[in-house]
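Encoded as structure tokens, the structure appears first; notes follow it.
FYI, it's all coordinate maths here, none of it is from the lab. Keep in mind that what you see is a predicted model, and the values were worked out from it rather than measured. A quick note on method: Cβ atoms are made from the backbone with ideal geometry, for glycine too, and the neighbour counts reach across all protein chains shown.
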Amino acid sequence: MGQNAFLSRLASVILADYAENLTETTVILPNKRAKVFLVNELKEQAEQTVFSPNIISIEDFIQDIAAIRAIDPIELLFSFYDVYLSIAEKDPQPFEQFANWAKTLLQDFNEIDRYLLNPDHVLSYLKDIEDIKRWGVEPENKTTLLENYIDFWKLLPAYYHALYHHLLQKKIGYQGLIYREAVNNLSHFSESVANKKFLFAGFNALNAAEENIIQHLLSAGLARVFWDADRAFLDDAYHDAGLFLRRFKDNWNYYKGHPFEWIWDNFSSEKQIRVIGTPKTVGQAKIAGKLLENIMASNPESRWDKTALVLGEENLLIPVLHALPASTSALNITMGYSAKNNPAQILVSKFFKMHTNALQRSSYVFYYKDVLDILTHPLIEPYAGAQQLVNIINNNNYTFITHTRLFELGPKNALFTLLFSKWGTDNISVLDSVTGLLQTIKNNLSNENREEKITKAFVFAVFKVINKLISHYTAHPGIGKVETLYAIYKQVIDLSEVSFEGEPLTGLQIMGVLESRVLDFDTVIVTSMNEGNFPAGKSQQSFIPYDVKRELGLPTFKEKDAIYTYHFYHLLQRAKNIYLLYNTESEGLDAGEKSRFITQLEVEKQPLHELIQEIYSPFLPEKAYEPLVIPKSEKVRARLREISEKGFSPSALTMYIRNPIDFYYKKILRISDVEEVEENIALNTLGTIIHETLRVLFEPFIGKFLSDGDIEGCFKKIDQAVLEQFRLVYKEGDIRKGRNLLAFEVAKRNIFNFLTAELESLRNGDSVKIVALEQNYSRLLEHPVLPHPVLIAGNVDRIELRNGKIRIVDYKTGKVEARDVTLKQWENLTLDSKTDKIIQVLAYAYMYAPQAEGQEIEVGIISFKNLKSGFLPFLFKEEKTVVSIVDENVSLRYREQLVFLLKEILDSETPFTEKI
């Protein structure tokens, strides 16, 4: 018997019992995919050339009976909107609002028809329920909103009948309508096919219409049904996998005089079932990839078409594709994958968002995040040639950028023009530009690797949706403005699915649960075996309450669970090696309890089943993190020599003390922080603005003593000076509103408070002469323990002569207190990052000392968040003595500590070791 035991036996029965009349025989299967496998079985078993029987899916068969074409879900939604507009009495809703409830209502219409219920009865039932809910509301208390709500339920039968009639006239319909019409047309159909035979194979759950059709054809002697039932489920009165088959076997009149074909005994045969738990979705993808690698390594001759990877959750597809072994050459993906979750759709969504946002602003202004989202998207970035523009936006803080400015700065190529050309008010031209974008992306992709082929499938899925929207907008020009087009697109993309190309008969089969129907595999890997995914859970989109469904015979979550149960057990029925993967996390979007199916396998364990439970956890090293250690190579030593010649800045020295690895990255490798748009002014930017403003205000007074009038003149210049510095430092950033306006005011307030303190000190008798502002100083440090001389160089914020002393001032926009610049012992000065401010200010004193010409030097900090404390001088406290002047002893002790630090930095045997 072939690989697919069920289809193999079906093929042998077809060739044995219907060989003389194959062209008059029609085989009806649950889905189109099974046809390929059945044809292959017939081909392998046929001893001579034969005409194949007609093999079709149940949906195609029903369409043949009804003589009605199935309508696309998007086309159906637009057709329903036309009907809705013709019936809605007051203020019809725009399409995007209508679509929210229409999709659910259409599902209910579909179920009503598939189960052959009286629509007036069901829909008026819903209206009566809503009336009862509001029984106690007095007529005078009924609001317009409440009346509209009740009217909505009243109109449901009218919506149903109008849509039904509208579609029937065009000979098109949704699935339920086709099923109802097929049942109505059954007698006529039976008479026209009196010489034919219909073989139904591999079905499980049937709706009322399907039951009606199959039983009618059975009683007319035109049909035969082959079930794929296993004794283990059929004979157990409580097993959900046999729920529907038991019902048919017990309730159909046909089986009172005919055998129930076929009952197998495969499930109880020998199987190894491994249940593997791992945290998160990605963990399951990785394990699935590893399992496939192991299968391939243990048996290189194994046929991939005997292996199925069944994804319980469609979102796992992309991680799984990345986790597949490199040697997986042939691949066949057959599963329902929503067009909503694919990369091309995400790009189109961002494209819509960018332009609809720009349209709402005067003079077509783009928000920088929208632009960068597009330009850095993986389907655009390699082909747009816009890296320079991205850098300009980041470096110049463009929060908003006009359409004109964008084209001045951007590259001159067709893709860039396509992305950023203005949208007009015509929906069709907008959709045409989206189509053009998708075609350009498709042309950029090759067929050479798996990823790009799959990306093409994603692009094509969105392309089809956009094309349908173009045809519907052409037919309904007034359906919505460009502003609402994005909302409509989001509604219809939900209804679309991605179709992948592949070779069904060769290669690894990646499929969804429904696609596994009728097929058998030796090795099965099933992912997402968690409640809520497998089975799918109790939530269902419907206006019909649970108790009403129970009463009317519509399927509830109980029946849906039973369908999932059958599919799951059918996957295991003939498999020999089974791997069930689940997420061990109990919280999170993709988490949940372990599936009840796993528990069921444990409780009802078959004697020949080997059940192994495992938990795969990420490898946890003994240490959570090993500090990074980088030895000093010859190139590193050369770079240190280069820095020593150009100058070690005080900030570089304190960076090394805080973390040598930061020093290595920024000073040795010269890796700077990534430039990003500062939508809100960063603290370091605000600090630069304050520093530069003070430089500009005091620059005219360099070399002269300050007077009260000088400071009073500065007060008048604050606004203009701060504004100019904002423009220079923050560039194109917007400071007219929000946090940036607050930052602007904070900068002005800090400068005002500083000048006020300065004026007060002058009025109190201080004599202040400005010596230098924002000036670079340097001094060469030579010492026998250092491998070579080292230049200490840096920028000093302010040097002044105050009351006969040289005062070196370092501005800090953060909060600094007196204790931060007070030293109690020289030992270990350079080992503690808390002393970084002392190391910095003493470095300034060390660099300036040769120019001081013997004058006393004091050095310290002015903190703008602690201005009330004024100048915070460096102090050395030892027992009862306090030294505030940087005298010869202080300079000597500091120099010793500096040499100690530089010796470590330059020592070739001491690696850069990360501090954690």
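Computed quantities for the displayed model
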read-out: Helix-only CD estimate at 222 nm, as mean residue ellipticity for the chain, using -39500 (n - 2.57) per DSSP H run (n ≥ 4); value: -15500 deg cm²/dmol
read-out: Mean Cβ neighbour count within 10 Å, used as a protection proxy, ranking 437-448, 611-622 highest first; value: 437-448, 611-622
read-out: Estimated distance in nm for a label pair at Ser869 and Glu293, the labels positioned 7 Å out from Cα along Cα-to-Cβ; value: 5.7 nm
read-out: Inter-probe distance in nm under a simple model that places probes 7 Å from Cα toward Cβ, at Arg405 and Lys256; value: 8.4 nm
read-out: Relative packing of peptides 378-384, 528-534 - highest average C-beta neighbours within 10 Å first; value: 528-534, 378-384
read-out: Cα gyration tensor shape for the range 340-498, rounded if a/c is under 1.5, else prolate or oblate; value: oblate
read-out: Sparsely packed GluC sites (Glu not before Pro) within the range 237-319, loop by DSSP, other Cβ within 10 Å at most 16; value: Glu261, Glu270, Glu301
read-out: Label-point separation in nm, Ile263 to Val785, each point 7 Å along Cα→Cβ; value: 9.3 nm
read-out: Folded to 0 to 90 degrees: helix 557-573 orientation relative to the chain principal axis, Cα; value: 90 degrees
read-out: Listed residue pairs exceeding 21 Å between alpha carbons, taken from Lys646/Lys824; Lys748/Lys837; Lys812/Lys834; Lys290/Lys623; value: Lys646/Lys824; Lys748/Lys837; Lys290/Lys623
read-out: Rounded D (µm²/s) - the range 69-179, Kirkwood Rh over Cα pairs, Stokes-Einstein at 25 °C, 0.890 mPa s; value: 164 µm²/s
read-out: Rounded FRET efficiency, nearest 0.05, which uses the C-beta distance separating Lys369 from Glu24 and R0 of 60 Å; value: 0.40
read-out: Sparsely packed GluC sites (Glu not before Pro) within the range 1-71, loop by DSSP, other Cβ within 10 Å at most 10; value: Glu47
read-out: Between 0 and 90°, nearest 10: helix 427-444 axis offset from the chain longest Cα axis; value: 80 degrees
read-out: Taking N as its residue count, the alpha carbon Rg of the range 679-827 over 2.2 N^0.38 Å; value: 1.24
read-out: Proximal charge balance of Ser8 [Cβ under 11 Å; K/R count +1, D/E count -1]; value: -1
read-out: Check: the range 340-498 dipole with +1 on Lys, Arg Cβ and -1 on Asp, Glu Cβ, in debye; value: 140 debye
read-out: DSSP-defined antiparallel bridges as percent of all bridges, the chain, nearest 5; value: 35 percent
read-out: For a label point 7 Å along the Cα-to-beta-carbon line of Arg596, residues of the range 521-563 with backbone N under 15 Å; value: 530-539, 556-563
read-out: C-alpha long axis of helix 836-852 to longest principal axis of the chain, angle in °; value: 40 degrees
read-out: Modelled FRET efficiency - R0 41 Å, Arg658 with Asp494, Cβ distances, 0.05 increments; value: 0.20
read-out: Loop-resident sites, the range 572-627, for trypsin sites (Lys or Arg not before Pro), counting at most 10 other Cβ within 10 Å (DSSP); value: Lys623
read-out: Cα extents of the chain along the three principal axes, largest first (Å); value: 121, 71, 59
read-out: Peptides ranked, highest mean first, by Cβ atoms within 10 Å: ranges 329-340, 418-429; value: 329-340, 418-429
